[in-house]
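A short worksheet on the structure shown next.
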Ligand code: HEC
Ligand code: HEC
Ligand SMILES: [Ca+2]
Ligand SMILES: [Ca+2]
Ligand SMILES: [Ca+2]
Ligand SMILES: [Ca+2]
Ligand SMILES: [Ca+2]
Ligand SMILES: [Ca+2]
Ligand SMILES: [Co+2]
Ligand SMILES: [Co+2]
């Protein structure tokens, strides 16, 4: 492997090392085992999320908190005051799993079990009326969730041709 | 005066303002009134200089001091261990006046009267056997002092032609 | 308890140390040369970064005092910040970069490994794509620090991504790279492989020394001309892939919701932009006379070609001087000599980059993207900035 | 008295602040974004300026840690120092520049006045002409900080002397300018008018902010390519004259006493010079393999044209890569890929500037100037530097 070892620095990474990390694309590749339902998720949310995002996921702009609103805003995107939430704006449910697992709860990021993440994701999606309250979220079902704004994104049209000299 | 006032910033400086400063070239232009002799200078030196430059002007390399040697070294300049002092190296006596008045005594720069500066300069030059112990140093006599190494300086010959590719 | 009034102890500004000020500094010795020192700025210099008052201080930003900026480089201590989980403290001896995914050989590089690789040094700006987000509807921030302070320029030192790619090999379908930070946000962004191979740098140096903690110590991604959020700080991992990952930061945030309800995704390049930093908002001109108008121009798409200045609200434009040869994806300082007659004036700058793109007016931007800023269109506000000068010499932020 | 042993409190390195290091920075919030901050370097970075142990700390110098240098710019906190009367603390509100002598109108400029004039920003090195003075007879200092650390590079911002000259006018015979500092040494040097009108700057900015106190806050003279002592710090006065003043610093000091007993006076330009900063003295190479040799090259006479590197003590030379377009009177970083076979080696760099001048060997210098260094020939040692690498990987300063 003369190309790889050209400079001779760095170590081959083992599968174990790589397995410590995750990032979940829309295909769901890399979603961990485990599952959760809205019911279980309601409890996770109440315990670990509601303080910052509000008990109705309405957000909490209080000093020291500043948790985003997670629900509502459907149909507002083309208005002058669009409301962008998980419900109204996010194109992929996999992003919700990935983000909650990596960065939430804000005060103790990465502290939830995979079951808890599946559960709270199920709860948010069900409160958003994107899935039924009874659906189980796991590595198979999550990538199939159809988000309301899935078709809302378009490629960057910049540089805008009108703006050339 | 459209050229001077082009940007319109800055103030015309008065003669009084300018008179606060000095820098004495070999012509002696700007030397202040006053005078001094080696005799008076011996006392100035003992009181204000000897602690750092040594009672025989031999220098004092002690920690916290580091005063230069001021005497000796004549004839050493072309050797492998040249000794550069006021006596052996300095081309102009006016420089001695200018420097002592601006920067010495190191611990209280600018604290000497012009008479004291003339006097200590006279003392150093007389100890260096450059002037007679009886000569008075003032704005007229100082620029005429012939320093031993007055002809010792040549223009910069760099860049040295040997060193081109 | 003692009730004796005490004079308030004077405090040195951040980054400075307080020393006595002698009546005449030529008459007494100054401070000695210290052994083992790392210098500080003068106690008379007071400009600082200003935090934008987000509710949560750990996901917040601070702005560079561009009104006080000189030349081109931003002092590292005043580089703008945007953190989503605070500033982590990372021991470089324990920090590694993992490169895996669609590569021939997944590899880990220690900081020592990375520093053994051939390095390059390049001067680039970083601009947050949210720079100016408060200015969509009406002039909001008072100073240029507030309107444009999410912009800083540094000399960056590090290793080209291409060098790492040669070490690990790339699979034929490799088209995107996910970069991940080691902060509490475990920040992730997907970057097109084309960009990564063109000019992406994995940097450990900033302005001649190690990266500052706020800029990602010990390692960050540097993507010349890309929006700031993509320059992943505290970089620990690069995952090569055939598709983007659609992370929260590249879907929920950093997309541009247009008036029609559709949002532009992967709007990565920062468009050409310029701003006058002197005179600028909240300053006061002492009176009619000469003023050297000066500011910065930059573009994410190459080099700045030219800058024009108007003192009459865009009715007439004159070319400004460029202070130095414009470097790619780097700020360049411009200046314009102005003899103020004491009447009201509106000062503007407008740049053109080497692609021929001309910095737009806010009206032009809104005509294209819609009138929903800053709720929909938050990012990429690169409109011409206007500063009004009153007859009294007061300079204010206006939409003109 | 208490005799209880106390654990030593860990101390942050100069320029850093100590923070707790979390076991996993992704699992807890980092430091919040502060309002009103001026950042500090990482607590894991330790390089500092080293004072040369002169007896008197007020007339002394400190050297830049070039072994740790990255890229081109020197962090302002690590810029080398040379003071003859300590570092004065000067209130800029009370500081003026007086220009008088052979001018049409003597004038005083406040700092505010000076900042209103058109400014320029240019990147230049400053090198003390005493840089390397310990190295004439035998290798003396262990590290490149010791042998070459009186060299630093900054982006300087200020006003061209020519701008002031236009304001004050110059008499026809004006041929020299005396510059005077406001420190305890009231430092003075005479500068040829030709240089002053060509590219002299009166600078108040360094690397994007105000000059640092050690570099002359609030004002210094910047003479691109001239020996460091002439760049008068704490500048307060410029006196225009027809002849030089023959000050102590330009006669007793900063003249070059040749072997024949004659001394060159006004030897102002710094000649072309280069040095390998990695690997350099006192480092240890962990073992055979790839090393990216890197260093800096500079010349006071224009731009660096090329740099060559030798790993066999000058028997064979190969061209090095130049990191960036060489700027006039500015350092440029070079690099050279080296696959070390584990045998002894001697590393050298040699630069050529755009005038065709080639950096000499110490032998060549001594042949011209004589064998009296450092007693006679103290200054302007720009010879090729050699670093020996032992089989064990130890790098040492040698004369080769
Ligand atoms: C201590 C406060 C706090 C807690 C507890 C918390 N969050 Fe958050 N959350 C935040 C903040 C602050 C942000 C914005 C982060 C940023 O700026 O990057 C956020 C962002 C989010 C977002 C992204 C919103 C968007 O539109 O981009 C989601 C989704 C989310 N949180 C879900 C959760 C869930 C689920 C939990 C519990 C498991 C949780 N949060 C617990 C404060 C909190
Ligand atoms: C507290 C110590 C101290 C005292 C007192 C002092 N000096 Fe000095 N002197 C020094 C030091 C240190 C230097 C070197 C300064 C520098 O490095 O620029 C020096 C330099 C000089 C030089 C220049 C020597 C050369 O070869 O360049 C002269 C001349 C001199 N002193 C004369 C005097 C006289 C005359 C007095 C008394 C009126 C005096 N000094 C008092 C410490 C002192
Ligand atoms: Ca290897
Ligand atoms: Ca005037
Ligand atoms: Ca300042
Ligand atoms: Ca609007
Ligand atoms: Ca370091
Ligand atoms: Ca010798
Ligand atoms: Co964007
Ligand atoms: Co010289």
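Results, tabulated for the structure shown:
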| read-out | value |
| --- | --- |
| q = 0.13, 0.15, 0.23 Å⁻¹, the range C:273-372: log10 I(q)/I(0) [Debye, one scatterer per Cα] | -0.49, -0.63, -1.20 |
| Sites residue C:242 and residue D:91, calculated FRET efficiency, Cβ-Cβ separation with R0 60 Å, nearest 0.05 | 0.45 |
| Bins of 5 Å, starting at 0 and running to the largest distance - Cα pair percent for the range C:171-303 | 2, 9, 14, 17, 16, 14, 10, 7, 5, 3, 2, 1, 0, 0 |
| Taking D:167, B:43 and counting other C-beta atoms within 10 Å, the order from fewest to most | B:43, D:167 |
| Antiparallel DSSP beta bridges within the protein assembly as shown, as percent of all bridges there, nearest 5 | 90 percent |
| Under the Debye formula (equal points on every Cα, no solvent term), log10 I(q)/I(0) of chain D at q = 0.12, 0.14 Å⁻¹ | -1.00, -1.27 |
| Dimensionless Rg ratio for the protein assembly as shown, taking C-alpha atoms and the 2.2 N^0.38 Å reference | 1.03 |
| For residue A:14, inter-copy label distances in nm, listed shortest first [label point 7 Å out on the Cα-Cβ vector] | 8.4 |
| Gaussian network model of chain C, springs between alpha carbon atoms under 10 Å - residue of C:55, C:360, C:337 with greatest fluctuation | C:55 |
| Cα centroid separation - the range C:323-378 against the range D:227-243, whole Å | 40 Å |
| Mean Cβ count within 10 Å, highest first, over the residues of peptides A:142-154, D:119-131, C:149-161 | C:149-161, D:119-131, A:142-154 |
| MRE, 222 nm, helices only [DSSP H, n ≥ 4, -39500 (n - 2.57), over chain C, to nearest 500] | -2000 deg cm²/dmol |
| Calculated [θ] (222 nm, deg cm²/dmol) that DSSP helices of n ≥ 4 give over chain A, each run adding -39,500 (n - 2.57) | -7500 deg cm²/dmol |
| Alpha-carbon gyration tensor eigenvalues x 5, square-rooted, for the range C:220-265, Å | 23, 14, 9 |
| Residue D:343 paired with residue B:140, simple spin-label distance in nm, labels 7 Å along Cα-to-beta-carbon | 7.9 nm |
| The range D:83-264 - Rg and Dmax from Cα coordinates, angstrom | 16.8, 53 |
| Cα centroid separation - the range D:258-294 against the range D:121-186, whole Å | 19 Å |
| Cα-based equivalent ellipsoid of the range B:69-149: semi-axis lengths in Å, sorted from largest, via gyration tensor | 22, 16, 10 |
| Separation in nanometres of the label points that stand 7 Å from Cα toward Cβ, at residue C:11 and residue D:11 | 2.5 nm |
| Shielding of B:89-96 by partner chains, average beta-carbon count, 10 Å | 4 |
| Other protein chain Cβ atoms within 10 Å, averaged over every residue that makes up C:75-82 | 5 |
| Expected-Rg normalisation [2.2 N^0.38 Å, Cα atoms] applied to chain A | 1.27 |
| Coarse-grained scattering of the range C:159-224 at q = 0.28 Å⁻¹, given as base-10 log I(q)/I(0) from a Debye sum over alpha-carbon atoms | -1.29 |
| Percent of alpha-carbon pairs separated by more than 19 Å within the range C:1-136 | 75 percent |
| Cβ neighbours within 10 Å from other chains - mean over D:201-209 | 6 |
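Bear in mind these aren't lab numbers, they're just calculated from the coordinates by the rules spelled out. All of these numbers come straight from a predicted model, not from anything done at the bench. Neighbour counts are summed over all protein chains in view; Cβ atoms, including those assigned to glycine, are modelled from backbone coordinates with ideal geometry.
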